[in-house]
Amino acid sequence: MVSQAALEIEFGALSDTGRVRENNEDSFRLAPELNLFVVCDGMGGQASGEVASQLAAETIVAHCRDAETNPVLPLVGERIDGVSQAANRLASAVRLANRSVHQAAQQNEAQTGMGATVVAAQFMDERVTIAHVGDSRAYRLRNGELEPLTQDHSFIAEQVRHGLMTAEEASQSKLQNVLLRALGIEPDVEVEVSEELLMEGDTVLLCSDGLTHELSDEQIAAALCDAEETQEAASHLVELANQAGGGDNITVIVLRHAPKFSGAMARIGRWFKGS
Amino acid sequence: MSKLVLKFENAILTEVAVGAKEVSIGRSPDNGLVIDNPAVSHYHARVFNEEGRLMLEDFGSMNGTFVNGQRVKMVSLKPGDSVVIGKHSILISDSREVSNPFPTNSGAKAAPKINETVMLDTKERREFLQKVAGAGESAQVAPSRVKVATLIVRKGKTDQHEYTLSNKLTVIGKSALATVKLKAWFAPKAAAQINRRDDNSYYIGGADKVPTINGQPVIHPTKLSPGDVIAVAGVELEFIYRE
C-alpha cells in the first residue's frame with residue numbers, strides 16, 4: 001500500500017487525425033485511479049476502425065476495473081509464467097478486448113474485418129507492465145536515452161528480429177504497415193507482456209504508428225527531454241508529427257514517474273549514492 | 001546495377017546490390033550476403049562484376065552452388081537466373097524496384113494504400129513465420145534440450161551464489177523487488193535490470209548504475225550471450241545456460 005501511494009504518475013495525452021486522413025481511428029483511455037493507460041489504433045473500412053479501437057480500449061479498462069473490485073475475477077486465457085499478477089491481469093484484459101472486437105465484427109456486416117492494435121501500460125510497485133499487440137509502441141526515456149519497450153508484431157520487424165533484414169533496410173521498406181497480429185482478427189490472440197523497472201524521473205511514452213512513422217527516435221527523445229510537463233510533451237510530439245507530414249492518425253500518452261525527493265533531500269540522496 | 005535477391009521458398013529474405021565491390025556469400029556473418037543455414041559453407045561463393053559481366057564463383061563449397069539446375073564452379077550470370085545454395089535461392093535481378101513478397105494470389109493486399117494498415121491473413125502469416133524460422137534454423141536450439149538461463153555470482157555480496165532467471169524482469173539491487181539481492185551497505189535499490197523477451201533472449205540494462213558486460217559499459221539494453229560477465233555495484237555475475 002505504501003509503495004502504491006508513493007507512486008506518482010504525471011500524465012499527458014493527445015490524439016489527432018493528422019493532415020491526410022479524414023477520420024481518427026485511434027483511441028486512448030486514461031485510468032489514473034488504476035494507474036492504467038491505453039492506446040489503440042483501429043483498422044477497417046466504413047469507420048469501423050474507430051469502433052474497433054474504442055471498443056478495445058474500453059474493454060481493457062473495464063476488465064482491470066472489474067478485477068479491482070472482484071479479486072477472484074477469472075483470467076481470460078492462460079496464465080503467463082514469470083510475471084506478476086498485475087501483468088497477467090493486463091494480458092487477460094487485452095485478450096478480452098480481442099474477443100469483444102472479434103465478436104462485434106462477426107455480428108455486424110459493416111464491421112467485418114475490423115481490428116485494432118494496442119499498447120497498454122500499468123504502473124505498480126516501482127514497476128510498469130506493458131502489454132501490446134501489433135505496431136503501437138511503448139518507449140522509455142531514462143537519463144536522456146530513449147529505449148523501445150516493445151517489438152512490433154509486423155512483417156518487417158519479424159524479419160529484422162531473425163536477422164534477415166537490417167534496421168536500415170526495414171526503415172526504407174514499403175511494407176511498414178503489414179501486421180502479423182492485431183486485435184479482433186481471430187477468436188484468440190497472443191499478447192506480448194513485459195515488465196520494466198521504474199526509476200524516479202523515468203518517462204514512458206505510448207504511441208500509435210502515426211508518430212513513429214513521422215519522427216526519428218532522436219526527435220522523440222529531444223521532444224520528451226525539452227518539455228517541462230507531460231501534456232506539453234504530448235502536444236509537442238503531435239505538432240512535430242504533423243509538421244513532418246501527419247500521414248496517419250497520431251496518438252501519444254506521455255507518463256512520468258515524478259521524483260519523490262526534491263531540493264535538499266535529493267542532494268542528500270545523491271551524496272549517499274556517491275554521484 | 002545488378003541485385004541479388006535472397007529467397008527461401010517464396011519469401012524474399014533480403015536483397016544485396018552488386019557494385020564495383022564483390023559480394024561474398026556464406027554462413028559467416030562477415031559475408032556480404034549471409035545465409036544462416038548449416039548446408040551453406042562459411043565462405044561459399046562470390047558474385048562480382050568483370051568486364052561488364054556479372055560473374056559467380058563457387059569457392060569449392062561442400063554442398064555446391066547451382067545455376068538454373070546445373071552445379072557450377074564459375075559462370076556468368078544474367079538477369080532472371082536463379083542460383084541455388086542449400087535450400088535458399090538467389091534471384092539475379094537488374095531492376096531497382098522494391099520486390100513484393102506477397103504471393104500473387106493476394107493481389108488486393110499487394111499494394112496497400114499509403115499508411116493503410118493491413119493484416120496478413122492466417123495462411124500467409126503461418127507460412128511466413130515458418131519461413132523466417134526455417135531461415136534462421138541453425139541459430140535455434142534443439143527443442144529437446146531445456147536451457148535455463150542462470151547467473152553465477154563470481155564476486156561480491158549477494159544472498160545466493162546462483163540465480164535462475166525465470167522471471168521476465170530480474171532486478172539486481174537492494175529493493176524488495178530484486179531477485180539478485182545485494183548485501184553491501186551502500187548498494188543501490190535497483191542497480192540494473194535484465195529482461196527476458198518473448199523469444200527467450202535476455203537483455204541487460206542500467207538502472208541506478210551503468211553495468212558493464214565483459215568490461216564494456218552498457219549504454220543501451222544489450223543482449224546477453226553465454227559466458228558474459230556482468231559487473232555492477234560491486235558484484236560480478238556470469239551469465240550461462242544450464243541444461
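At 222 nm, what helix-only mean residue ellipticity would chain B give, in deg cm²/dmol to the nearest 500, using -39500 (n - 2.57) for each DSSP H run of four or more? Walk me through the numbers before you get to the answer.
Values: 2 runs with 18 residues, N = 243.
Result for chain B: -2000 deg cm²/dmol, rounded to the nearest 500.
Let me confirm one metric for peptide A:177-190, namely the mean number of other chain beta-carbon atoms within 10 Å of its residues' beta-carbons.
Shielding by partners across A:177-190 averages 3.
With θ set to phi - 60° and the Karplus curve 6.51 cos²θ - 1.76 cosθ + 1.60, what are the ³J(HN,Hα) couplings of the stretch B:227-243 in order, to the nearest whole Hz, using x for Gly and Pro?
Each residue's phi maps through the Karplus curve to give x, 5, 10, 9, 10, 7, 6, x, 10, 10, 10, 9, 8, 9, 10, 9, 8 Hz.
Could you order the peptides B:153-165, B:179-191, A:127-139, A:83-95 from most to least packed, using the average number of other C-beta atoms within 10 Å per residue?
Values: B:153-165: 14.8, B:179-191: 18.4, A:127-139: 25.8, A:83-95: 22.6.
Answer by packing, highest mean first, reads A:127-139, A:83-95, B:179-191, B:153-165.
Return the inverse of the average 1/r over all pairs of distinct C-alpha atoms in the stretch A:74-167, which is the Kirkwood hydrodynamic radius, in Å to one decimal.
Values: mean 1/r = 0.0646 Å⁻¹.
Taking every pair of different Cα atoms in the stretch A:74-167, averaging 1/r and inverting gives 15.5 Å.
Would you work out if the protein assembly as shown is rounded, prolate or oblate? Take a ≥ b ≥ c from the square roots of the eigenvalues of the alpha-carbon gyration tensor; rounded if a/c is under 1.5, else prolate when a/b is larger than b/c, oblate otherwise.
Details: a/c = 1.89, a/b = 1.31, b/c = 1.45.
Taking the square roots of the gyration eigenvalues as a ≥ b ≥ c, the protein assembly as shown is oblate.
Assuming R0 = 56 Å, what is the FRET efficiency of B:R126 and B:W185, from their Cβ-Cβ distance, to the nearest 0.05? Provide the component values of the computation, followed by the final result.
On the way: r = 55 Å, r/R0 = 0.98.
Here the calculated transfer efficiency is 0.50.
Pull out a ≥ b ≥ c, the square roots of the eigenvalues of the alpha-carbon gyration tensor of chain B, then state rounded if a/c is under 1.5, prolate if not and a/b is larger than b/c, and oblate in the remaining case. Mind showing how you got there, number by number?
Values: a/c = 2.70, a/b = 2.06, b/c = 1.31.
Prolate shape, in that a/c is at least 1.5 and a/b is the bigger ratio.
Using a Förster distance of 41 angstrom, determine the FRET efficiency expected from the C-beta separation of A:A244 and A:E8, and round it to 0.05.
Values: r = 32 Å, r/R0 = 0.79.
Given R0 = 41 Å and the Cβ-Cβ separation, E is 0.80.
Can you give the FRET efficiency for B:E51 and A:A47, using 1/(1 + (r/R0)^6), R0 = 35 Å, r = Cβ-Cβ distance, to the nearest 0.05?
Details: r = 61 Å, r/R0 = 1.73.
E between B:E51 and A:A47, to the nearest 0.05, is 0.05.
Please work out the Cα center distance from the stretch A:10-26 to the stretch A:38-100, rounded to the nearest Å.
21
Counting other beta carbons within 10 Å of each Cβ, put B:M74, A:M124, A:M114 in order, fewest first. Each step should come with its number before you reach the end.
Numbers: B:M74 10, A:M124 20, A:M114 29.
Lowest count first: B:M74, A:M124, A:M114.
Sorting A:E195, A:E168 on the 10 Å Cβ count, fewest up front, what's the list? If you can, show how the numbers build up before the last one.
Numbers: A:E195 27, A:E168 8.
In increasing order of surrounding Cβ atoms, one gets A:E168, A:E195.
In nm, to one decimal, how far is the A:Q103 label point from the B:R242 one, both placed 7 Å along Cα→Cβ?
It is 4.5 nm.
For each of A:R21, B:R197, A:R79, count neighbouring Cβ atoms within 10 Å of the residue's Cβ, then give the residues from fewest to most.
Numbers: A:R21 19, B:R197 15, A:R79 10.
With the sparsest Cβ surroundings first, the list reads A:R79, B:R197, A:R21.
Pairing the Cα long axis of helix B:122-135 with the longest principal axis of chain B, what angle in degrees results, from 0 to 90 and rounded to the nearest 10?
80
Whose amide H sits under 5 Å from the amide H of A:S154, counting only residues 5 or more places off or on another chain, with H placed in the peptide plane?
The list, which skips near neighbours in sequence, is A:L180.
Cα gyration tensor of chain A, axes a ≥ b ≥ c as square roots of the eigenvalues: rounded (a/c below 1.5), prolate (a/b > b/c) or oblate?
Working: a/c = 1.70, a/b = 1.24, b/c = 1.37.
Oblate shape, in that a/c is at least 1.5 and b/c is the bigger or equal ratio.
Please give the residues of the stretch A:133-152, grouped as numeric ranges, whose backbone N is less than 15 Å from a label point set 7 Å along the Cα-to-Cβ vector of A:E218.
Those under the cut-off are A:145-146.
None of the figures in this text is laboratory data; all of them are computed from the coordinates on show. Not measured: the values here are computed from a predicted model. A quick note on method: Cβ atoms are made from the backbone with ideal geometry, for glycine too, and the neighbour counts reach across all protein chains shown.
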